[in-house]
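One structure is given below, encoded as structure tokens.
The values are calculated or read from the model by the stated rules, or taken from the named source; none is laboratory data. Predicted model, so just to flag it, every value in this text is computed and none were measured. Positions of Cβ are backbone-derived with ideal geometry, glycine not excepted, and every protein chain shown enters the neighbour counts.
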Amino acid sequence: MAGWPAPPSSAPVLSDVDDPLAGHPRYEKIRWANPDKPNVQVALDRVASRNVAVKFIERGAKVTKHVKREILHHHSLVHRNVVRFYDAFLTPTYLVIVQELGEMNLWQHVCNRGGRLAEEEARGFFRQMIEGLEYCHSMGVANRDIKLENSILKTQYAGGVSTPVLKLCDFGYAKGDSDSNAISLVGTSSYVAPEVVDPSKRDPNPNAGQRIYNAKMADIWSAGVALYVMIEGRFPCGTEKSNGCMEALLKRIAAMKLDPPRLMSPGAVELVMGIFKASAERDTIAKIKERAWFKDGMGSAPASEPELPAEEGVPSVAELEAVIKKAEIAELGTNLSIDELMDSVEME
């Protein structure tokens, strides 16, 4: 069985004293996000009067087709349960992506709660995760790295009541309907679906002579793992450490040798076991939303939220493609506006 792939290497090594935004007319560094995200900065957007998350990717060879997909797919998604895409621009050294800022990720929240959540709280987060996934899939985008760490929480205040809103983030492994078929071993090891790690469980592709998997159904498996972890406080197939090595973990996932839930209610068990099946038999999002456990406590109100208004000032697809094209050049030597970038691309 193939080993686990190395993570994307687009993240530069930056220290606390580095400030790639120095002198920028709109964005000002506040601090680096955290040690786990060495290329992400919390910054002030002076124009919009809000704090934002700013991601730096070294220009040149590290601006790959995956970076282009990440930007263009994320740009197309506007939903309450997806982190908002705001902007992209160039510095002499970096391609810079600006996104909505959250307060913490869901993994951090679970850890702060002692390693697992009460089932009712977990259900609320899982519903939001499914709503975000359903929207992404309806827009033709599979995330391929659904996990607690890629679920950002942001507090919403209404009528004197605060509610944590879950927002899916990180589309670095995203696969669109118009992209090539899903064949790559990507994602996070303990969350990936059996068909991702074992090609024998995939569908044959007569046109390419390869076996492909349904990336959207793989997302659903990963969401089921996230729910299991929230309630049980452990992974259904363990981790690389608990299995002794990565190969043992991947073989166990491929064989679907799951630890039976011990803390879940019968309704929650029924739901996750509908997810932990072979891809062709796995519950769809529509089936998940019809499960009694999913609907419990919702009353007659729909789970879906109204669509968000479009964000003003977000670059167009053509503008983003111009930025990405210029980012493929290792160093420009000066900052360029969107208009200047568009002019330079049209001249080529």
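Condition check: at pLDDT below 95, over 26 Å from Ile146 (Cα atoms), out of contact with any Gly (no Cβ under 9 Å at 6 or more places or on another chain) and surrounded by fewer than 17 Cβ atoms within 10 Å (Cβ to Cβ). Does Gly3 satisfy that? It is false that Gly3 is at pLDDT below 95, over 26 Å from Ile146 (Cα atoms), out of contact with any Gly (no Cβ under 9 Å at 6 or more places or on another chain) and surrounded by fewer than 17 Cβ atoms within 10 Å (Cβ to Cβ). Within segment 72-83, the only residue that satisfies the criterion of being among the aliphatic types (A, V, I, L, M) and within 17 Å of Ser180 (Cα to Cα) is Leu72. In segment 144-165, what residues are farther than 19 Å from Met104 by Cβ and not aliphatic (A, V, I, L, M)? Listed by number, the residues that qualify are Arg144, Gly159, Gly160.
Residues checked against (1) under 11 Å from the mean Cα position of the chain (by Cα); (2) closer than 22 Å to Ala268 by Cα; (3) not basic (Lys, Arg):
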| residue | (1), (2), (3) |
| --- | --- |
| Phe125 | no, yes, yes |
| Leu133 | yes, yes, yes |
| Cys136 | yes, no, yes |
| Ala142 | yes, no, yes |
| Ile146 | yes, yes, yes |
| Ile152 | yes, no, yes |
| Gly159 | no, no, yes |
| Ser162 | no, no, yes |
| Leu166 | no, yes, yes |
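Kindly provide the set of residues from segment 91-113 that are in a loop (DSSP other than H, G, I, E, B), in contact (Cβ under 8 Å) with a residue 24 or more places away in the chain and not β-branched (Val, Ile, Thr), ordered by number. Let's see the steps before the verdict.
Initial filter on segment 91-113 (in a loop (DSSP other than H, G, I, E, B)): 91-93, 101-103, 113.
Those left that are additionally in contact (Cβ under 8 Å) with a residue 24 or more places away in the chain: 91-93, 101-103.
Of everything in segment 91-113, those that are in a loop (DSSP other than H, G, I, E, B), in contact (Cβ under 8 Å) with a residue 24 or more places away in the chain and not β-branched (Val, Ile, Thr) turn out to be Pro92, Leu101, Gly102, Glu103.
Pairing residues of segment 285-304 that are farther than 17 Å from Ser222 by Cα with residues that are modelled with pLDDT of 60 or more and of a type in the set (Asp, Glu), at Cβ distances under 7 Å and at least 6 apart in sequence or on separate chains, gives Arg291/Glu270; Trp293/Glu270; Ala303/Glu131; Ser304/Glu131. Do we find a residue being under 30 Å from Ile329 (Cα atoms), modelled with pLDDT of 95 or more, touching a helix residue (DSSP H, G or I) at 6+ places or on another chain (Cβ under 7 Å) and crowded, with 16+ Cβ neighbours inside 10 Å anywhere in segment 103-124? No, there is no match, as no residue in segment 103-124 is under 30 Å from Ile329 (Cα atoms), modelled with pLDDT of 95 or more, touching a helix residue (DSSP H, G or I) at 6+ places or on another chain (Cβ under 7 Å) and crowded, with 16+ Cβ neighbours inside 10 Å.
The lone criterion from (1) surrounded by fewer than 19 Cβ atoms within 10 Å (Cβ to Cβ); (2) out of contact with any helix residue (DSSP H, G or I) (no Cβ under 6 Å at 6 or more places or on another chain); (3) of a type in the set (D, E, K, R) left unmet by Lys68 is number (2).
Can you confirm whether Ile146 is part of a strand (DSSP E or B), buried (at least 21 other Cβ atoms within 10 Å of the Cβ) and either on the phi < 0 side of the Ramachandran plot or among the β-branched types (Val, Ile, Thr) (or both)? It would help to see each step written out before you state the result.
Numbers: part of a strand (DSSP E or B): no; buried (at least 21 other Cβ atoms within 10 Å of the Cβ): yes; either on the phi < 0 side of the Ramachandran plot or among the β-branched types (Val, Ile, Thr) (or both): yes.
Considered against the rule, which asks whether it is part of a strand (DSSP E or B), buried (at least 21 other Cβ atoms within 10 Å of the Cβ) and either on the phi < 0 side of the Ramachandran plot or among the β-branched types (Val, Ile, Thr) (or both), Ile146 comes out as no.
Report whether or not Phe171 is surrounded by 22 or more Cβ atoms within 10 Å (Cβ to Cβ), closer than 18 Å to Val225 by Cβ and not assigned by TED's automatic domain parsing to the domain that holds Val78. No.
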